[in-house]
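Read the structure below first, then the notes.
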Amino acid sequence: MRYLSTRATDSTQRKRFCEILLEGLAPDGGLYLPESYPQIDGATLNRWRGLPYADLAFEILSLFVDDIPADDLRALCRKTYTPEVFGTAAIVPLTRLEDGLYLQALSNGPTLAFKDMAMQLLGNLFEYELARRGEELNIFGATSGDTGSAAEYAMRGKKGVRVFMTSPDGRMSPFQQAQMFSLLDDNIHNIAIQGVFDDCQDLVKAVSADLEFKRKYKIGTVNSINWARLMAQVVYYFAGYLQATTRNDQQVSFTVPSGNFGNVCAGHVARMMGLPIAQLVIATNENDVLDEFFRTGVYRVRGTADTHETSSPSMDISKASNFERFVFDLLGRDAARTADLFGVQVQRQGRFDLGADPAFALAASRYGFASGKSTHQDRLNTIRATWNKYGVVVDTHTADGLKVAQEHRQPGVPMLVLETALPIKFASTIVEALGREPERPAKFAGIEALPKKVHVMAPDVQAIKSLIALACDGAASA
């Protein structure tokens, strides 16, 4: 298996998995994808039915990873996906709400968010590969809420790894902030940026684009621009399908709350591999850049002033980093055109328009995409209705998903809504909707009152580089 950049016009520039594992963004600014998607047939799906999640993960990941010995990769999967870490033997169990409507639990990991599903594996992969090479890695990332804590909990104490995580100052929930800022480990560095998530994401891309700095300080990323993380998320689409069906001629649909397009992009990969997915439904909040595209063909990023602060803050994103991967496929893998759209038009004009392009119709007809939008009032209504009808409390992002899922259900096709976090992470909105606090796992009692370690900084690329360099050079001389 070889990987190419979405902007690479030179067919000789192909890399193996472990090369891109530690790299993140490609040197040309593009995102890595496999040269082709492995294809799954009915016999393979039958063989996978009933496998433990860790073994299913090994089967799927081994189709994308051929430069880690099979026994080592299997051991890494079994080390990662355990009931002790994820709470149940099923790892991602389905909850039936009613005939044809399910929640897929993805939030039983260490930080109570779906990001743990990939990040726990990524931490083990990083430690394995760095030890094999005798190297270190400095992870520089951005989070709108859950990626940061998932990365830090996965990397804390890992040999050869430091984490520098940016987040928008004051725009995460108190619980989310406490999860990150209360980690006092020497290899964890939190940076609160005075801006919005897109400012943080722009900093990550700017540092990654400085190839000399990136190489000198061995900069990598755990954002979903890292293919390894997206690859790990493909597994739970297969796991959900296999739980919801008994035969391979059955289709299912997934509704995915999405801001950065990483979670749903993994569903796109699963569908391209041959998983019988009828629809991939994207649910956005008031920051509806993705919904606008799938309705009109216009991809229009928003500036800081036009990015709404909402009660589903992990989706307060107006520049969807992973979207380039899908557009690359949508345009027949035309790297030159993809580079023009994202590297030129978005950078200069903040938008592009495929509405009149024949390829745009394929987003729904060939690739199964649909979308919808949810507002704060919708979230409150959905949280109340889900509790009153099913006795289930959902977080704000999952509520966005349930609201939009109801608009796209098809007779005879099970709809699986991906749960994105546990309600305690967004307690104030749950109180507003239900008049009571959601359940809090005992290990997080009083977390908001713990001591915190965080740098508050302006969105200044040079200042960020100086902080990283100071931390790394100081550690090297210690």
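What follows is calculated from the coordinates using simple rules that are stated; it is not laboratory data. Keep in mind the model is a prediction, meaning the values are calculated, not measured. Ideal geometry is used to build each Cβ from the backbone, glycine not excepted, and the neighbour counts take in all protein chains shown.
Sparsely packed loop sites in the range 110-166 (the trypsin sites (Lys or Arg not before Pro) outside DSSP H, G, I, E and B with at most 12 other Cβ atoms within 10 Å) comprise 159. Cross-link partners of residue 79 among lysines, defined as those whose alpha carbon lies under 20 angstrom from its own and excluding same-chain residues fewer than eight positions apart: 115, 158, 159.
In this simple spin-label approximation, residue 461 and residue 298 carry label points 7 Å from Cα along the Cα→Cβ vector, and these lie 2.9 nm apart. Normalised by 2.2 N^0.38 Å, where N is the number of residues, the C-alpha radius of gyration of the range 333-448 stands at 1.47.
Placing +1 on each Lys and Arg Cβ and -1 on each Asp and Glu Cβ, with no other charges, gives the chain a dipole about its Cα centre of roughly 440 debye. The alpha-carbon of residue 205 sits under 20 angstrom from the alpha-carbons of these aspartates and glutamates, leaving out residues fewer than 8 places away in its chain: 19, 23, 28, 146, 152, 169, 316, 324, 340, 460.
Among the lysines of the range 384-472, pairs at least eight places apart or on separate chains and with Cα atoms under 28 Å apart come to 10. Whole-Hz Karplus values for the range 358-368 come out as x, 5, 4, 4, 5, 4, 8, 6, 9, 9, x Hz, taken residue by residue from phi with 6.51 cos²θ - 1.76 cosθ + 1.60 and θ = phi - 60°; glycine and proline positions read x.
Spin-label model, residue 9/residue 381: points 7 Å from Cα along the beta carbon direction are separated by 5.0 nm. With kT/(6 pi eta Rh) evaluated at 4 °C and eta = 1.567 mPa s, and Rh the Kirkwood radius from Cα pairs, the range 152-214 diffuses with a coefficient of 101 µm²/s according to Stokes-Einstein. Taking the charge dipole of the range 240-326 about its Cα centre, with +1 at Lys and Arg Cβ atoms and -1 at Asp and Glu Cβ atoms, the residue from 245, 264, 283 reaching farthest to the positive side is 245. Coordinate range of the alpha-carbon atoms in the range 38-169 per principal axis, descending: 45, 39, 27 Å. Extension gain, residue 84 to residue 215: 0.36 nm times the residue separation minus the Cα-Cα distance gives 43.5 nm. Karplus-derived 3J(HN,Hα) values for the range 405-420, using 6.51 cos²θ - 1.76 cosθ + 1.60 with θ = phi - 60°, are 4, 4, 7, 10, 5, 10, x, x, 10, x, 10, 9, 9, 7, 6, 10 Hz; glycine and proline are entered as x. Here the calculated FRET efficiency for residue 71 and residue 28, from their Cβ-Cβ distance with R0 = 30 Å, stands at 0.30, rounded to the nearest 0.05. Each Lys and Arg contributes +1 and each Asp and Glu -1, all at the Cβ; summed about the Cα centre of the range 276-406, the dipole is approximately 180 debye. Restricting attention to the chain, close to 30% of DSSP beta bridges with both partner residues there are antiparallel. In a DSSP loop and with at most 13 other Cβ atoms within 10 Å, the GluC sites (Glu not before Pro) in the range 1-109 are 35.
Counting neighbouring Cβ atoms within 10 Å and putting the fewest first, the residues 199, 306, 334, 357 line up as 306, 357, 334, 199. Checking every one of the GluC sites (Glu not before Pro) in the range 255-334 against DSSP loop status and a limit of 13 other Cβ atoms within 10 Å picks out 309.
Across the chain, the mean sequence separation of Cα contacts (distance under 8 Å, 6 or more residues apart), normalised by length, yields a relative contact order of 19 percent.
Whole-Hz Karplus values for the range 203-211 come out as 5, 4, 5, 5, 5, 5, 6, 8, 4 Hz, taken residue by residue from phi with 6.51 cos²θ - 1.76 cosθ + 1.60 and θ = phi - 60°; glycine and proline positions read x. What share of Cα pairs, in percent, lie more than 37 angstrom apart in the chain? For the chain, the fraction of Cα-Cα distances above 37 Å is 20 percent.
Database remark: amide H of residue 161 closer than 5 angstrom to the amide H of 137 (H placed geometrically; neighbours at sequence offset of 5 or more, or on other chains; Pro and chain starts carry no H). Calculated on C-alpha atoms, the gyration radius of the range 169-273 divided by its Kirkwood radius gives an Rg/Rh of 1.07. With a Förster radius of 56 Å applied to the beta-carbon distance between residue 206 and residue 389, the computed FRET efficiency rounds to 0.75.
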